[in-house]
Every structure is written in structure tokens, then in C-alpha cells.
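What follows is a single structure, written as C-alpha cells, with notes after it.
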Amino acid sequence: MKSHVKIGEEDFHMNCWKFIQFQYPKLIQQKRIFHVPNGGKRITKTNSKGQTYSPEAIRFKKMGVTAGIPDFLILKKTGMLAAIELKVEGGVISNDQKEVHLQWQLLGIEIHVVWNFEEFKEALKLILNN
């Protein structure tokens, strides 16, 4: 019987990357798969009006970082893009993510939202075999 171990989203991301490194090293060598560092915790500050803000998030936005972009992007052999969004138990698909998923799906981009490691492996296998 499988034990149910709850892991954080950051650990989930790292476990998925480790799996890719061991099972699909050629994808990495060919620069066909990568993680988009959009998420994560940001240091916040409070301004003189008592409002909190993140200098790092402001800087990223000025550089073109876009909210809602999926976690892993995969370039298929056909030249088409595919994406995997990782979520953990209790996670929520944000409105920005829903919008990106919709817009990309309208363009024919394959997007998978996965909630555990087994779903991640299955999604990656589907992407690479289609």
C-alpha cells in the first residue's frame, strides 16, 4: 500500500527535474525542456502608507516576466510547444494560469496540469510520444 506523503511545491518541482535529468538527459542537452522560474516566495517591504510590495516582483515585471506561465516548457520534435503546470494538494490554479492555458490551447499548445509525481511522469510521456 502506498503511503501518502505531502510535499511542498518547491520539492515537487525539484523531484520532477531530477527525474528528467535521469530519464531524459537528451532533452536537457538539446535544450528542449526547461523550468520557468515565475513562482516562489518574494521578499516584501512596506512603504510609508503601510502597503506591502515586492521589489523583486516589480523588477521581474519590468523585465517581462509574465504571471501564469506554466512551470515546465517542452519543445516537441515537431517544433510545437507543450507545457506542464505543477500543483500540489491544496494548490489552486490562478486566474492568470487559467488565462494562459486558455490562450495557449487556442493556439494548439498542449498543456497538462498535474497534481502528483505519477501524473507528471504520465504527462511528460504523453507529450514526448505525440
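The values are calculated or read from the model by the stated rules, or taken from the named source; none is laboratory data. Keep in mind it's a predicted model, so treat the numbers as computed, not measured. FYI the Cβ positions are ideal-geometry reconstructions off the backbone, even for glycines, and counts take in every protein chain you see.
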Quick one: in the range 83-130, of everything that is assigned to a strand (DSSP E or B) and touching a Cys at 6+ places or on another chain (Cβ under 9 Å), which residue is farthest from HIS35 (Cα to Cα)?
VAL114
Within the range 64-73, can one find any residue that is assigned to a helix (DSSP H, G or I), modelled with pLDDT of 95 or more and surrounded by 13 or more Cβ atoms within 10 Å (Cβ to Cβ)?
no
What residue, among those in the range 29-58 that are without any contact (Cβ under 8 Å) to a residue 40 or more places away in the chain and within 16 Å of the chain's Cα centre (by Cα), is surrounded by the most Cβ atoms within 10 Å (Cβ to Cβ)?
HIS35
For LYS61, are the conditions met, namely being touching a residue at least 12 places away in the same chain (Cβ under 8 Å), surrounded by 11 or more Cβ atoms within 10 Å (Cβ to Cβ) and basic (Lys, Arg)?
no
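Restricting to the range 78-120, give me the number of residues that are of a type in the set (Lys, Arg) and either buried (at least 17 other Cβ atoms within 10 Å of the Cβ) or without any contact (Cβ under 8 Å) to a residue 12 or more places away in the chain (or both). Reasoning before the result, please.
Taking the range 78-120 and keeping what is of a type in the set (Lys, Arg), we get 87, 98.
Cutting the leftovers down to either buried (at least 17 other Cβ atoms within 10 Å of the Cβ) or without any contact (Cβ under 8 Å) to a residue 12 or more places away in the chain (or both) gives us 87.
Number of matching residues: 1.
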Given (1) closer than 24 Å to LEU126 by Cβ; (2) in contact with a Lys or Arg (Cβ under 9 Å, 6 or more places away or on another chain), where does GLY90 come up short, assuming only one miss?
(1)
